[in-house]
Amino acid sequence: MSQLYNCVQCDLKFDSKKKFEAHVIFSHKTDSTSKKKILILGGGFGGMHVLKELQKKLDAKNTSITIVSDNNYFLFTPMLPEVASGMLNPRDITTPIREFCTSAKFYQATVFSVDLQQRLVTITRKFDGKNHALEYDYLVLAVGSDNNFYGNKPIEENSFPIKTVEDAIELRNQTLSMMEIAAQTGSIELQQKFLTFTVVGAGFAGVEIIGEINHFVRKSVKQAYPTINENNINMILISSKNEILPELNYKLGESARSYLKKMGVRIISNVKAIDAGESHVELSDGEIIPCTTLIWTGGVTTNSMIKSLICEHDKGGKVLVG
Ligand SMILES: Cc1cc2nc3c(=O)[nH]c(=O)nc-3n(C[C@H](O)[C@H](O)[C@H](O)COP(=O)(O)OP(=O)(O)OC[C@H]3O[C@@H](n4cnc5c(N)ncnc54)[C@H](O)[C@@H]3O)c2cc1C
């Protein structure tokens, strides 16, 4: 069945996006002399910062601000690893977007399409799946990035990303399950495989997650898993570069490296993960690591919604401005 476009302003249904947009423009387009409409897409770091600044600086009498995001909370991503390790709960690192909206209007919805020419954004509401059109005079694109697996399907299918609250909860459950399974096996080889956690990518996300999982697993094993031999725990961080934390200066990266080493993390530099299965990861230098938990923080790419915009893009799909 083809998709129906539902106008929430008058509850009419349309069988094509074109008809739906034409209806919105002719029936609902507001007077251009009325308030300037600012539309922010994405309620992450970028979107929330813009929202706060605009609400402070602009007079609500002359402007209307609307923010759209697919979750109704702002997520403090640097602390996702603490949720993955169970140190924090999701509510500790999330804040309702509505708390930031002093004058702005919020829609929990996914951006479905952006018509830059008509200055019209179609969103799909989370709670009923209905489409809704929003006009704008100024558009802020702040939808973040997508995980980049560089087209490597085996790695995509056999790894855990760490970008959302759901990812963190899944990883926490996986870590707990691996400790339970390891505790019940008599084989050293199997125990080592279940207790090997490999993180690919040594940027902020990768370094933070290996640090947290390492601490969590070693502490839990000591406290609650007498049948697990601590020597069978392997924590591995893979960096495609020589250094780790390239976002920071060399000295800070090196100090993080020596701390992680002291805590029992093996750091493998200048290699890439090239293949993975349910219980192994293969590196570009030929090493095959038996492991059941591969965590992917190997890179991000332009958000697919941004790539689909009809405008000029660079090679990576980013919008060219200037
Ligand atoms: C585990 C982890 C740890 C990190 N640690 C650090 C750190 O210590 N320091 C640091 O500087 N950076 C860190 N980062 C990176 C940081 O999170 C990002 O740089 C930052 O989130 C980018 O902000 P953003 O607003 O561009 O995107 P995001 O914060 O990702 O926000 C994008 C928002 O848009 C929404 N969205 C996306 N697509 C749509 C759509 N189609 N429709 C509606 N809404 C949509 C998303 O749900 C999200 O709310 C870390 C990242 C991770 C994953």
- Carbon/sulfur fraction of accessible area - region 180-223, other protein chains in place, 1.4 Å, %: 54 percent
- Message: What are the extents of the Cα atoms of region 153-301 along their three principal axes, in Å, largest first?
- Response: 43, 33, 33
- The extension gain from Lys262 to Thr164, computed as 0.36 nm times the residue separation minus the Cα-Cα distance, is 32.4 nm
- Query: Residues of the chain: accessible area per residue at 1.4 Å, in Å²?
  - Reply: 54 Å²
- Over 20 Å between alpha carbons, listed pairs Lys153/Lys241; Lys52/Lys105; Lys37/Lys57; Lys105/Lys318; Lys37/Lys61: Lys153/Lys241; Lys105/Lys318
- Run through all the Cα pairs of the chain and give the fraction in each 10 Å bin from 0, expressed as whole percent. 5, 22, 27, 21, 15, 8, 2, 0
- With a Förster distance of 56 angstrom and the Cβ-Cβ distance between Lys13 and Phe204, calculated FRET efficiency to the nearest 0.05 equals 0.75
- Label model pair Asn173, Glu99: point-to-point distance (7 angstrom along the Cα→beta-carbon line) in nm is 2.6 nm
- Item | Mean residue ellipticity (222 nm) of the chain, computed from DSSP H runs ≥ 4 via -39,500 (n - 2.57), nearest 500 | -8500 deg cm²/dmol
- Packing-based ranking, highest mean first, of 200-206, 47-53 given that Cβ atoms within 10 Å are counted: 200-206, 47-53
- What is the sum of charges around Glu156, taking Lys and Arg as +1, Asp and Glu as -1, for the other residues whose C-beta is under 12 Å from the C-beta of Glu156? -2
- Per-residue accessible area for Lys105 at 1.4 Å probe radius, Å² rounded to 10? 120 Å²
- In degrees rounded to 10, the 0-90 angle between helix 204-224 Cα long axis and the longest Cα principal axis of the chain is 50 degrees
- Query: Can you give the accessible area of Asp314 in Å² (nearest 10), computed on protein heavy atoms with a 1.4 Å probe?
  - Reply: 60 Å²
- Message: With a 1.4 Å probe and all protein chains kept in place, how do Glu180, Glu287 rank by accessible area, largest first?
- Response: Glu180, Glu287
- Label-point separation in nm, Val271 to His49, each point 7 Å along Cα→Cβ: 3.6 nm
- Determine how large the accessible area of Lys56 is when every protein chain is in place; take a 1.4 Å probe and give Å² rounded to the nearest 10. 150 Å²
- Message: I need the calculated FRET efficiency for the pair Met87 and Tyr138, taking r as the beta carbon distance and R₀ as 56 Å, to the nearest 0.05.
- Response: 0.90
- Item | FRET efficiency for Glu254 and Leu309, using Cβ-Cβ distance with R0 set to 41 Å, rounded to 0.05 | 0.50
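The values are calculated or read from the model by the stated rules, or taken from the named source; none is laboratory data. These numbers were taken from a predicted model, which means no experiment stands behind them. Cβ coordinates were reconstructed from backbone atoms using ideal geometry, including for glycine residues, and neighbour counts include every protein chain displayed. Accessible surface areas use protein heavy atoms only, side chains included; no ligands, DNA or RNA. Shrake-Rupley method; radii C 1.70, N 1.55, O 1.52, S 1.80 Å.
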